[in-house]
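J.: Can you read through this structure? Questions will come right after.
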């Protein structure tokens with residue numbers, strides 16, 4: 001019998017957390033799924049751990065890559081070897097609630113949704129808090145751009161949607177590249193307002209590293225999203241342009257503030273449409289005003305939306 005769901009888990013240097021992740025998947029109340037674990041040439045004990053799970057549970061399928069290509073390409077490899085009607089991505093240092101697959105699958109069938117989104121828990125050591133996924137299910141256009149709906153791990157995708165997605169080559173914020181495409185191709189998106197996913201704040205993960213390589217990857221994924229939106233939103237793109245410019249300029253500001261980045265011009269001179277120099281000038285004025293204007297008066301200033309600068 002073909003699986004209804006393919007749960008894809010890319011694995012690299014997470015032996016400390018891998019048991020917790022896989023155990024949470026194999027203990028799901030919904031049982032007709034396959035768990036595809038993609039070993040991206042992990043140099044630790046992860047390959048051995050994965051093989052042991054495959055020996056003990058027929059639902060587990062292991063793919064040992066011969067070359068390390070990074071997280072998004074590992075996701076792609078998992079998808080290309082999957083058979084489920086619905087696709088779920090789980091990061092290997094995270095874990096899921098026992099009924100996550102059951103609840104998301106039931107909603108998908110009931111509503112004929114292409115994507116089902118749920119809330120999540122932010123976990124850090126023994127602390128956690130409820131993370132709300134802000135998502136406009138009535139007007140998908142409001143989810144385009146650089147907004148808070150980029151993660152793939154709290155979303156449940158119809159298989160046909162992912163077939164249209166071009167997986168990115170670079171890992172930093174790769175989720176955004178995938179989800180922006182998926183949102184564009186989806187006709188029906190449903191939000192389930194309950195937390196079913198545990199996102200673990202792992203200081204050792206690749207997403208926490210902020211060296212030149214990571215900023216380069218981040219920049220390339222920003223450009224991918226911008227070009228995708230320009231091409232597909234066409235004349236509507238200008239409605240998102242101000243928000244996109246602000247995101248790009250805040251990213252460039254992070255580069256300027258990082259004294260360890262030696263190739264700033266290489267990283268800064270992209271998407272000149274954002275008007276960074278002009279934005280930075282007015283940003284500096286705003287920050288100066290925040291320091292000299294009394295706090296209460298400044299709150300009044302913000303509340304009444306006294307605007308000192310617009311990109312457009």
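J.: Test residue 49 against the criterion of being in the same structural domain as residue 172 (by TED's automatic domain parsing), under 24 Å from the mean Cα position of the chain (by Cα) and buried (at least 17 other Cβ atoms within 10 Å of the Cβ), and give yes or no.
T.: Spelling it out, it is not the case that residue 49 is in the same structural domain as residue 172 (by TED's automatic domain parsing), under 24 Å from the mean Cα position of the chain (by Cα) and buried (at least 17 other Cβ atoms within 10 Å of the Cβ).
Matching residues to (1) surrounded by fewer than 23 Cβ atoms within 10 Å (Cβ to Cβ); (2) more than 21 Å from residue 103 (Cα to Cα):
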| position | (1), (2) |
| --- | --- |
| 160 | yes, no |
| 174 | no, yes |
| 181 | yes, yes |
| 184 | yes, yes |
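Residues are listed down the side, and each one gets a yes or a no for (1) in the same structural domain as residue 214 (by TED's automatic domain parsing); (2) surrounded by fewer than 17 Cβ atoms within 10 Å (Cβ to Cβ); (3) without any contact (Cβ under 8 Å) to a residue 60 or more places away in the chain; (4) part of a strand (DSSP E or B):
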position: 24; (1), (2), (3), (4): no, no, no, no
position: 34; (1), (2), (3), (4): no, no, yes, yes
position: 55; (1), (2), (3), (4): no, yes, yes, no
position: 82; (1), (2), (3), (4): no, no, no, no
position: 87; (1), (2), (3), (4): no, no, no, yes
position: 106; (1), (2), (3), (4): no, yes, yes, no
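J.: Also: Within the range 109-152, how many residues turn out to be in a strand (DSSP E or B) and surrounded by 14 or more Cβ atoms within 10 Å (Cβ to Cβ)?
T.: Selection size over the range 109-152: 11.
The values are calculated or read from the model by the stated rules, or taken from the named source; none is laboratory data. Note that the structure is predicted; figures quoted are calculated from it, not measured. Here Cβ is always computed from backbone atoms with ideal geometry, including for glycine, and neighbour counts include all displayed protein chains.
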